[in-house]
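Asker: Before anything else, here's the structure in question.
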Amino acid sequence: MAITVALAGDTMLGRGVAERLREFGPASVFAPEIREVVRTADVCVANLECCVSDRGEPWPAPGKPFFFRAPPVAAETLAWLGVDCATLANNHALDFGKQALLDTRSLLAAAGIASVGAGATEDEAREPVVLDAAGARLAVVGVTDHPADYAAGPGRAGVAFADLREGVPAWLARNVGAQHRAAGVDAVLVSPHWGPNMASEPLSYVREAAGALLAAGATFVAGHSAHVFHGVAGPVAYDLGDFVDDYRVDPYLRNDLGILVLLTLDGDGPQRMRIVPLGLDFCFTRLASEEEYAWIVRRFVAACAALGSEWEIRDEKDQLVLDRPRT
């Protein structure tokens, strides 16, 4: 079994991106070259950091500053790009309430895209999804550590919530372990939305949670939430950063520069990663320019080194290639 998974971080198709989609259509927010890269993978998993609907009202949380809702055409955008599974466990899935969340799941399904990490009930929100590709079966588990008021409950729509600062809860470990042991499942990908915005490196509790998820049976852990990419250590990509957005740019952390990860898994786990550097313009994502590429390489290599990563990294001009640590 060998499968290549494209991993995309925070994919925000609301607000300014939504306006662009309405005006210019589903193929207007990603350069064709991004689509070509995504479609070299056997399967693509992206964190959808918005709801997709034309219904609902803003979530009534005092002091909540941002509400992200994409129009229904956004589901076509993800299908055009080649996304096979959208993770919904994050702090924007319920921005416009239950109806918008349920619309998101329905519109994605109609576009041929699986979703994980949110649902009409607690059981549905926590249920992993299994993707078939390249003769292999990949289980995906979605979870978020914020916000608590978006948590699904018995008979209540919401997200798969776990307070990871307190450790990996038993239900999450059971879900990961069950997929690890399930007949016919070749690999388990856990996709957590964890940690604060604009953190330059994973917090200690995030690193502890990653270890617990691997111990429970995860083949690979690919996180997101910070809006800037972090390093890779062991079978963990701590944060994939942003994939598309309309956010204000931090001149130091450079959330306008991102990565797309192409992860190759086989029966022995992760074997190789290709890191494709991205340039994030306002509401449009493209391949990084030469100057941007150089900055991303420096930042990524330093971030891996800070985590004590043993992956062998080499620069192949258009992407970084990480080979499995030798044992």
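The values are calculated or read from the model by the stated rules, or taken from the named source; none is laboratory data. As the structure is a computational prediction, the values presented were derived from the model and not from experiment. Cβ sites come from the backbone with ideal geometry, for glycine too, and all protein chains shown count toward neighbours. The protein model used for the area step is the full one, side chains on, heavy atoms only, and it has no ligands, DNA or RNA in it. Shrake-Rupley method; radii C 1.70, N 1.55, O 1.52, S 1.80 Å.
Asker: Per-residue HN-Hα couplings for the stretch 52-60, Karplus 6.51 cos²θ - 1.76 cosθ + 1.60 at θ = phi - 60°, whole Hz, x for Gly and Pro?
Answerer: Karplus values, whole Hz, x for Gly and Pro: 10, 5, 10, 10, x, 10, x, 4, x.
Asker: Roughly what would the spin-label model give for Phe66 and Arg22, points 7 Å off Cα along C-beta, in nm?
Answerer: It works out to 2.0 nm between the two label points.
Asker: Dipole of the chain, Cα-centred, from +1 at each Lys and Arg C-beta and -1 at each Asp and Glu C-beta, to the nearest 20 debye?
Answerer: Charge dipole, the chain, about its Cα centre: 340 debye, nearest 20.
Asker: Rounded to a whole number, what % of the accessible area of the chain do carbon and sulfur atoms account for, probe 1.4 Å?
Answerer: 49 percent
Asker: Related question: Once fully extended, how much extra length lies between Ala302 and Ala110, figured as 0.36 nm per residue of separation less the alpha-carbon to alpha-carbon distance?
Answerer: Extra length from Ala302 to Ala110 when fully extended: 64.9 nm.
Asker: Which residue, Pro62, Leu287, Leu320, has the largest displacement toward the positive end of the dipole of the chain when charges sit on each Cβ (Lys, Arg +1; Asp, Glu -1)?
Answerer: About the Cα centre, the residue reaching furthest to the positive side is Pro62.
Asker: From the protein chains alone at 1.4 Å, what is the descending order of accessible area for Trp171, Trp295, Trp194, largest first?
Answerer: Trp295, Trp171, Trp194
Asker: So what does Leu260 come to for accessible area, using a 1.4 Å probe and Å² rounded to 10?
Answerer: 0 Å²
Asker: Hey, another quick one. Could you rank the peptides 112-121, 307-316, 154-163 by their average count of other C-beta atoms within 10 Å per residue, with the highest value first?
Answerer: Taking the mean over residues of other Cβ atoms within 10 Å, the ranking is 112-121, 154-163, 307-316.
Asker: Could you check the simple spin-label distance between Lys98 and Val321, using points 7 Å along Cα→Cβ, in nm with one decimal?
Answerer: 5.2 nm
Asker: Considering the options Tyr150, Ala109, Val29, tell which one lies farthest towards the positive end of the dipole of the stretch 1-154, charges being +1 on Lys and Arg and -1 on Asp and Glu at the Cβ, about the Cα centre.
Answerer: Farthest towards the positive pole: Val29.
Asker: Rg over Rh of the stretch 69-192, using C-alpha atoms and the Kirkwood radius, what does it come to?
Answerer: On the Cα set of the stretch 69-192, Rg over Rh gives 0.97.
Asker: A further question follows. Tell me, what is the per residue accessible area of the chain in Å², probe radius 1.4 Å?
Answerer: On a per-residue basis, 40 Å².
Asker: Turning to a different aspect of this structure: Just checking my list (i) 0.93; (ii) 1.07; (iii) 0.96 against Rg/Rh (Cα atoms, Kirkwood Rh) computed from this structure; which label fits?
Answerer: Calculated Rg/Rh (Cα atoms, Kirkwood Rh): the matching label is (i).
Asker: Ok, one more. Among DSSP beta bridges whose residues both lie in the stretch 138-259, state the antiparallel percentage, nearest 5.
Answerer: Around 20 percent of the beta bridges assigned by DSSP in the stretch 138-259 are antiparallel ones.
Asker: Order these peptides, 276-282, 185-191, by their mean beta-carbon neighbour count within 10 angstrom, highest first.
Answerer: 185-191, 276-282
Asker: Could you grab the relative contact order for the stretch 221-327? Cα pairs under 8 Å, six or more apart, rounded to a whole percent.
Answerer: Reported relative contact order: 25 percent.
Asker: What figure in square angstrom, to the nearest 10, would you give for the accessible area of Thr264 with a 1.4 Å probe?
Answerer: 40 Å²
Asker: What does the charge dipole of the stretch 76-203 about its Cα centre add up to, to the nearest 20 debye, if the Cβ of each Lys and Arg holds +1 and the Cβ of each Asp and Glu holds -1?
Answerer: 240 debye
Asker: Mind checking the full-extension length gain between Arg39 and Glu291? Use 0.36 nm per residue of separation minus the Cα-Cα distance, one decimal, nm.
Answerer: Length gained between Arg39 and Glu291: 88.2 nm.
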